[in-house]
Amino acid sequence: MQNILDKIGEIAEKEKIKVYLVGGPVRDFIMKNEIKDIDICVEGNGISFAKILKKYFNCGLKTYSEFNTATLFLAHFSIDIATSRKETYPYPTSLPVVENGDIFTDLARRDFTINSIALSLDKKRGFIDPFSGRDDIKKGLVRVLHKKSFIDDPTRIFRAIRFKQRFDFRLEKETKKLLKQSIRIINKLSPERIRTEIMLLLKEQKKEEIFSQLYKLGVLDIIKLKPPQPGVSTSLFALIDPDKMPDFLTKSERQIAQGILKISLKEDLLKKAEKPSQIYQILFGIPEESLVFRMNQKPVIKGKIKEFLNVYNKVKLEITGRDLEKLGIKKGPIYKELLTKTLLAKLDGKIKGKQVHLVEEEINFVKTLLIHFFLDIR
Ligand code: CTP
């Protein structure tokens with residue numbers, strides 16, 4: 001990576017363009033943490049510079065002309081290239097209005113001092129650190145650049161806690177006060193933006209601690225999540241209370257959460273169920289993800305869910321409605337009843353026989369069912 005940064009610096013000097021490493025990678029470089037991706041800021045035109053680099057590295061390039069940014073895709077990592085800019089927020093939580101600016105205005109639009117340091121990539125390799133971010137890294141402090149930071153962009157509330165826990169830092173006193181005062185504004189964020197932050201939090205190593213802290217601050221309540229439970233590994237579904245589904249869930253996540261609730265409600269029944277047909281009837285129709293989630297959470301019902309997924313749910317009938325038609329049965333809801341009853345009998349081993357005879361055996365079973373129906377009706 002060092003070589004690549006040297007090369008970028010060299011090319012920039014040749015082209016007489018000022019280029020800086022900015023944000024997360026500078027912070028991680030100072031902290032001697034692993035650097036995952038490179039963020040570059042160009043004073044001038046980021047996209048033109050990205051095109052020059054693409055030629056040199058012979059790599060993939062994607063440009064975003066509306067933001068004046070680009071991404072280069074190298075073998076093991078990517079390089080994000082932005083044009084230095086100034087941002088203003090016309091109203092709280094709005095997306096910012098962007099104008100061209102120099103590296104100082106670009107640093108001034110950022111979230112925390114630890115993320116507002118630039119490293120020039122020319123031969124001098126100097127830090128540009130107008131907010132004393134390096135001091136805060138030394139002191140272990142997450143500090144906003146100005147009073148309105150959380151109001152401009154409440155996603156920074158999630159980010160503050162994320163960085164605090166990731167690096168084992170503290171919130172600087174005034175920052176903590178401002179954060180607490182801004183919590184209600186999270187309500188104004190779109191579900192998509194909340195979703196993005198939650199997904200980032202879930203990737204963190206200390207996610208339990210992060211969610212516990214967000215709970216204590218009242219943030220989880222606002223976005224309708226419950227606190228992580230001790231001893232239960234934290235995934236999105238462990239934080240969902242199906243009685244008040246968060247707005248940021250997708251349709252299938254909602255269904256999975258409802259499935260998990262269904263299993264919980266039927267847990268006692270499931271514990272008592274012995275016959276395969278009983279287990280099948282309790283669990284049929286519940287999304288597989290809900291079953292797997294609950295299985296990992298509740299070892300007592302694990303065996304039964306496993307049997308259902310691996311065996312019972314794969315059992316199929318040889319016969320279909322067509323066979324019932326051939327028997328001369330009049331079409332109607334009785335078809336479903338006959339087929340279901342036959343399947344349940346098959347699950348319990350009541351329909352046996354070699355594969356070649358199974359159709360016959362199942363038809364015979366339907367016939368006995370019909371006799372019972374007939375007797376019942378009379
Ligand atoms: N940034 C910001 N406000 C935000 C999001 C991002 O000011 N709401 C700035 C920060 O300077 C940040 C940079 O944009 O360092 C890049 O954002 P991102 O990639 O999200 O953050 P990283 O600091 O790289 O964090 P991570 O290590 O989690 O990738």
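Summary of computed values
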item	result
Local electrostatic count, E172, Cβ distance below 12 Å [Lys/Arg +1, Asp/Glu -1]	+4
Accessible surface of the chain, 1.4 Å probe, proportion on carbon and sulfur as whole %	52 percent
Percent breakdown of C-alpha pair distances by 20 Å bin, ordered from the shortest bin, for the chain	22, 38, 23, 16, 2
Inter-site label distance for K147 and F374 at 7 Å from Cα along Cβ, in nm	8.9 nm
Percent RCO, i.e. relative contact order, over the range 77-203, from Cα pairs under 8 Å lying at least 6 residues apart	20 percent
FRET efficiency estimate (nearest 0.05) - Cβ-Cβ, M199 to I334, R0 51 angstrom	0.60
Charge dipole magnitude, Cβ of K and R +1, D and E -1 - the chain, Cα centre, debye nearest 20	740 debye
Ellipticity estimate at 222 nm from DSSP helix runs (n ≥ 4, -39,500 (n - 2.57)) divided over the chain, nearest 500	-14500 deg cm²/dmol
Probe 1.4 Å, all protein chains present, accessible-area order of V315, V26, largest first	V315, V26
Separation of alpha-carbon centers, the range 257-297 and the range 82-153, rounded to whole Å	50 Å
For the range 321-377, diffusion coefficient by Stokes-Einstein and Kirkwood Rh (Cα), 20 °C, 1.002 mPa s, µm²/s	183 µm²/s
Value of relative contact order over the chain, rounded to a whole percent, pairs C-alpha under 8 Å and six or more apart	8 percent
Stretchable slack from K124 to S65, in nm (0.36 nm times residue separation minus alpha-carbon distance)	18.2 nm
Whole-number accessible area per residue in Å² for the range 294-378, which is evaluated in the context of all protein chains at 1.4 Å	68 Å²
Heavy-atom surface of the range 63-216, accessible at 1.4 Å and reported per residue (Å²)	51 Å²
From phi via Karplus (6.51, -1.76, 1.60), per-residue ³J(HN,Hα) for the range 335-352 in Hz, x at Gly/Pro	4, 5, 4, 5, 5, 5, 4, 5, 4, 4, 5, 5, 4, 8, x, 7, 10, 10
Size descriptor, Kirkwood hydrodynamic radius, that averages inverse alpha-carbon separations across the range 140-232, Å	13.3 Å
Distance violations [Cα-Cα > 29 Å] among K86/K207; K224/K306; K275/K354	K86/K207; K224/K306
Cut-off 13 Å between beta-carbons: net charge of the residues surrounding I263, Lys and Arg +1, Asp and Glu -1	+3
Net charge of neighbours whose Cβ lies under 10 Å from the Cβ of L344, counting Lys and Arg as +1 and Asp and Glu as -1	+3
Under the Karplus curve 6.51 cos²θ - 1.76 cosθ + 1.60, θ = phi - 60°, whole-Hz ³J(HN,Hα) for the range 68-84, x wherever Gly or Pro sits	6, 10, 8, 10, 9, 10, 9, 4, 10, 7, 10, 10, 8, 10, 10, 9, 4
Pairwise label distance in nanometres, D221 with R134, each label 7 Å out on the Cα-Cβ vector	4.3 nm
Using a Förster distance of 51 Å, the FRET efficiency for T320-D241 (Cβ separation, nearest 0.05)	0.80
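The values are calculated or read from the model by the stated rules, or taken from the named source; none is laboratory data. Note that the structure is predicted; figures quoted are calculated from it, not measured. Because the Cβ atoms are built from the backbone with ideal geometry, glycine has one as well, and the counts that use them run over all protein chains shown. Ligands, DNA and RNA are excluded from the accessible area calculation, which covers all protein heavy atoms including side chains. Shrake-Rupley method; radii C 1.70, N 1.55, O 1.52, S 1.80 Å.
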